[in-house]
Amino acid sequence: MADSVPRLSRRGFLAASGAALLGAVVAGSAGHAAPGAGTAQLGDFWLFGRYDDGCTDPGFDESDLDPVQLPHCVTPLSWTGWDPASWQDRWIYRKHFTGTASDRFRARFDGVLTNAEVHLNGELVATHEGGYLPFEVDLPGVVPGDNVLAVVVDGRWALDVPPNLPRSAGPSVIDFYQPAGIYRPATVAAVGRTRLADVFAQPVDVLSPGRSLHLTCTLEAPVTAEVTASVRQAGRELARAAAPVRGTTAEFDVGGLGAVRLWDVEDPALCDVVVTVRAGSAVLDQRIVRTGFREARFTPDGFFLNGRRLKLFGLNRHQWYPFAGGAMPDRVQRRDAEILRRELNCTMVRCSHYPQSSAFLDACDELGLLVWEEIPGWGRVGDTAWQEQNLRDVSAMITRDRNHPSIVVWGTRVNEANGTTAMYQRTGQLARRLDPSRPTSGALASSTGARYAGSDVEVLAYNDYTARRGGPFQLRPPRPGVPYLVTESIGTLAGARAYRRTDPAATQQQQAELHAKAHDLAAADDRYCGLLAWCAFDYPSGWQRSVGGTKFAGVADLFRIPKPAAAFYASQGDPLARAVVEPGFAWDFTAQPTGPGRNATIWSNCDRLELFLDDHPAGAARSRRADFPHLRYPPFAVDLVVPRGQRPQLRIDGYAAGRLVVSRRFSGDRSRDVLGCVPDDTELRADGTDATRVVVSALDRFGTLRAGATGKVALTMTGPGALVDDDTIDLGATGGAAAVWLRPFAGTPGTLTLTARHEVLGTATATVTTTASGTAGGTRS
């Protein structure tokens, strides 16, 4: 069910959730911690439907509206073949809450695609344009008792806001679809009369023993008060300072931070800055801001983090998911950062081509994953009104995210949109005024045709698809005298039109080889700051070289399940931390009766590999160092030719530092294959704002994906929650593996049980328990 909850009546939904969801508002505000205050998530229960006359009025007949949970997508979606016409309309979301006459209420929306009107008790109180950045709305007409917050969402392509280009042919003119909805978290709260509007905590002289923190604190209105800042790391206060408010601003330095631990990709040490506004002994407001002390420099000689050279190794990321569009809860967004950093060994990700969820960026901070963040846009620049919105996006993006230590560059140009020098001068100047600590850039489609030398661009970033012209794979050389970063390469413009799990093994292996070669070439020359290949995950698109409404360019699929190309990235980590042995072939004798043949590739970070067939020695693998001389860990080549009719077991033993660190087995016998049904997390919060992925796949007896599996998997779920899926998985279409997501209802904790059934592979189950809000454990939060 793509809209994240079953189509229940309101009475049925309330009974299933086990809570009185109307009137769930408490004091507090997002990002703040006022005394005695908290914040109410608005993810538990809204009423939703198509826009209709009078739908913002308090007395509107709600009987035809459906109960939904946020984040939410307005239309049911499958895992592929999305139809933009299904969301290009106006929609209504209605929320009842209880108010008091004495409190000041405010609502915050982290992201609404694409434009929004906010009505309170029938009165329009705010509008917002653009779908990728937050906005806050004062609610001045709250009355004691029942109030109605009504949000009109406009998802039409004709809107003149980035990245839309309304005078063009339609949504397929840009390379990603944008399903409408309130697709990021929302909160409503009673807030104090004196309130911190913004805190910018900027580390200064990071590599000096006299390092300090420069604080700029902005209040919503003038006040006679003092602002105090306490800098804490690992639960210990390192230093504090205070300054009076002058007008609406308090600006001061916190010194004595020589002992602070620096933030690094290998040790992402974070600090909490507790900012308190006091008038005498009374605390008026408090905000906790998280940051990290690090120095990031792009130079003509490469990239340096905290004074040491670091070759940036990464991928681009789109935020779209099967069934739900972008409407996945924070836990799911954070999981993408974990995949990139921990499983694919990336040191950097590019948020293409819009600001992405705060939860994703928070996870990047915690994991040591550097970030390129950029304004919404793709390929072309719109009219004057469009450009003015572009400037507002720069301001909102930087103001929201400038305390994230993971972000090291602002993309203030529209992706692959050259020219419009005057606009880019304005965006660059605005970025430097709001945050002088980071360089600006923009991904160019031509390294020679763009006016990159202007003051708006401090890092020359190039989407290098030179390889599509044929011949041996190559990258353009760095431009002398300027920092140079490759922001895209490979994609579906190098090699095949699509890299699907259902494509021939040679096609899938080609993708892995191209990614390895691109990073090998970038590693060969210190003048490359690094390379961010295209891309991490498949994504919905109707643009060039898409297939059936999907771009199959990811090293993992839309379900976040790795393809063979992901094995290259997985193999570039420390073998003593995580030893990797991933064949670049399927050990399956259906499509290849005599095995993978000669010079088959194995991706590994081991020093040596030994092979066995049915536990009999089958030789050692040969390093391919000559093919990839600059990779940290080049792949291996093996000869595996099996007599026709035999289906032996393959064992690969990997050695590092002189000892056995990994041993993997692969079954050639399909008769013992089983069905897998494995959740990412086994505990979730029963607050309506949580979810986890469950991977459903065909596995050999040793747990390796059987990519050539076929047949349908029927899914059923019991318990207080919703199944975000298509109800049936076609393993033949997805290449043997797919995923669904479980979302608990807000209310009484319980147990969610997903049962998957396949007529040949049998039955498998996944069990997830839900706990009271704020108490869920598990491996991720």
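The values are calculated or read from the model by the stated rules, or taken from the named source; none is laboratory data. The shown structure was predicted, so the numbers you read here are calculated from the model rather than taken from an experiment. Ideal geometry is used to build each Cβ from the backbone, glycine not excepted, and the neighbour counts take in all protein chains shown.
Could you please find all residues in region 255-300 being among the basic types (Lys, Arg), outside any loop (DSSP other than H, G, I, E, B) and free of Cβ contacts under 8 Å to residues at least 60 places away in the same chain? Within region 255-300, Arg278, Arg297 meet the criteria. Restricting Ala536, Ala523 to those that are under 18 Å from the mean Cα position of the chain (by Cα) and touching a residue at least 12 places away in the same chain (Cβ under 8 Å) reduces the list to Ala536. Highlighted here are the strands (runs of 3 or more DSSP E) found entirely within region 41-130 that include at least 1 residues which are within 24 Å of Pro144 (Cβ to Cβ): 46-50, 90-99, 104-109, 115-120, 123-129.
Just the residues that are surrounded by fewer than 23 Cβ atoms within 10 Å (Cβ to Cβ) and of a type in the set (Gly, Ala, Ser), please, taken from region 84-115. Correct list: Ala85, Ser86, Gly99, Ala101, Ser102. State whether one or more residues within region 269-289 are under 24 Å from the mean Cα position of the chain (by Cα), closer than 26 Å to Ala197 by Cβ and among the β-branched types (Val, Ile, Thr). So far as region 269-289 goes, yes, one or more of its residues are under 24 Å from the mean Cα position of the chain (by Cα), closer than 26 Å to Ala197 by Cβ and among the β-branched types (Val, Ile, Thr). None of Arg426, Arg413, Arg438, Arg433 is over 20 Å from Asp464 (Cβ atoms), of a type in the set (Lys, Arg) and touching a strand residue (DSSP E or B) at 6+ places or on another chain (Cβ under 6 Å) except Arg438.
Of the numbered criteria (1) more than 14 Å from the chain's Cα centre (by Cα); (2) within 15 Å of Gln178 (Cα to Cα), the one Ser352 fails is (1). For Leu613, are the conditions met, namely being hydrophobic (A, V, I, L, M, F, W, C), buried (at least 22 other Cβ atoms within 10 Å of the Cβ) and more than 31 Å from the chain's Cα centre (by Cα)? Answer is no for this residue. Among the residues making up region 169-185, those that are aliphatic (A, V, I, L, M) and under 18 Å from the mean Cα position of the chain (by Cα) are Ala180, Ile182. When region 567-581 is filtered for residues that are of a type in the set (Gly, Ala, Ser), surrounded by fewer than 24 Cβ atoms within 10 Å (Cβ to Cβ) and over 12 Å from Phe313 (Cβ atoms), the ones remaining, listed by number, are Ala570, Ala577, Ala579. Screening Thr779, Thr767 for residues that are under 21 Å from Phe559 (Cβ atoms), among the polar types (S, T, N, Q), modelled with pLDDT under 95 and within 27 Å of the chain's Cα centre (by Cα) leaves exactly one candidate, Thr779. Residues of region 137-163 that are surrounded by fewer than 19 Cβ atoms within 10 Å (Cβ to Cβ) and among the acidic types (Asp, Glu): Asp138, Asp146, Asp160. The residues listed here are Pro564, Pro635, Pro596, Pro575; of these, the one that is outside the structural domain of Lys311 (by TED's automatic domain parsing) and more than 24 Å from Asp503 (Cα to Cα) is Pro575.
Applying the condition of being under 26 Å from Leu284 (Cβ atoms) and of a type in the set (S, T, N, Q) to region 167-205 and asking which residue is modelled with the highest pLDDT yields Gln202.
For (1) of a type outside the set (Asp, Glu); (2) closer than 17 Å to Leu558 by Cα; (3) touching a Gly at 6+ places or on another chain (Cβ under 6 Å), each residue gets a yes or a no:
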position: Ser671; (1), (2), (3): yes, no, no
position: Cys677; (1), (2), (3): yes, no, no
position: Asp681; (1), (2), (3): no, no, yes
position: Val695; (1), (2), (3): yes, yes, no
position: Asp700; (1), (2), (3): no, no, no
position: Ala733; (1), (2), (3): yes, yes, no
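When each of Gly762, Gly703, Gly721 is tested for being under 22 Å from Pro562 (Cβ atoms) and not β-branched (Val, Ile, Thr), the lone residue that passes is Gly703.
Taking region 115-136 as the range and being aliphatic (A, V, I, L, M), out of contact with any His (no Cβ under 8 Å at 6 or more places or on another chain) and under 18 Å from Ala396 (Cα atoms) as the test, the residues that pass are Ala126, Leu133.
The listed residues are Ala494, Ala498, Ala512, Ala506, and the only one of them that is free of Cβ contacts under 8 Å to residues at least 60 places away in the same chain and buried (at least 22 other Cβ atoms within 10 Å of the Cβ) turns out to be Ala494. Only one of the numbered conditions (1) small (Gly, Ala, Ser); (2) in contact with a Ser or Thr (Cβ under 9 Å, 6 or more places away or on another chain); (3) within 29 Å of Ala417 (Cβ to Cβ) is not met by Ala85, and that is (2). Filtering region 400-440 to residues that are within 18 Å of Arg297 (Cα to Cα), within 21 Å of the chain's Cα centre (by Cα) and not in a loop (DSSP other than H, G, I, E, B) leaves Ile407, Val408, Val409, Trp410, Gly411. Restricting region 622-644 to residues that are surrounded by 19 or more Cβ atoms within 10 Å (Cβ to Cβ) and modelled with pLDDT under 95, the residue that is farthest from Gly584 (Cα to Cα) is Val642. Of the residues making up region 330-349, those that are basic (Lys, Arg), over 9 Å from the mean Cα position of the chain (by Cα) and either assigned by TED's automatic domain parsing to the domain that holds Asp680 or over 21 Å from Pro134 (Cα atoms) (or both) number 2. Residue pairs whose Cβ atoms lie under 9 Å apart, separated by 6 or more positions or on different chains, with the first residue in region 50-64 and farther than 24 Å from Trp87 by Cβ and the second loosely packed, with under 14 Cβ neighbours inside 10 Å and of a type in the set (A, V, I, L, M, F, W, C), do not occur. Confirm whether Arg167 is over 30 Å from Thr412 (Cβ atoms), charged (D, E, K, R) and in contact with an Asp or Glu (Cβ under 9 Å, 6 or more places away or on another chain). So Arg167 fails the test.
Scan Ala579, Ala620, Ala591, Ala600 and give me the residue that is in contact (Cβ under 8 Å) with a residue 12 or more places away in the chain, small (Gly, Ala, Ser) and within 30 Å of Asp725 (Cβ to Cβ).
Criteria check complete, one pass: Ala591.
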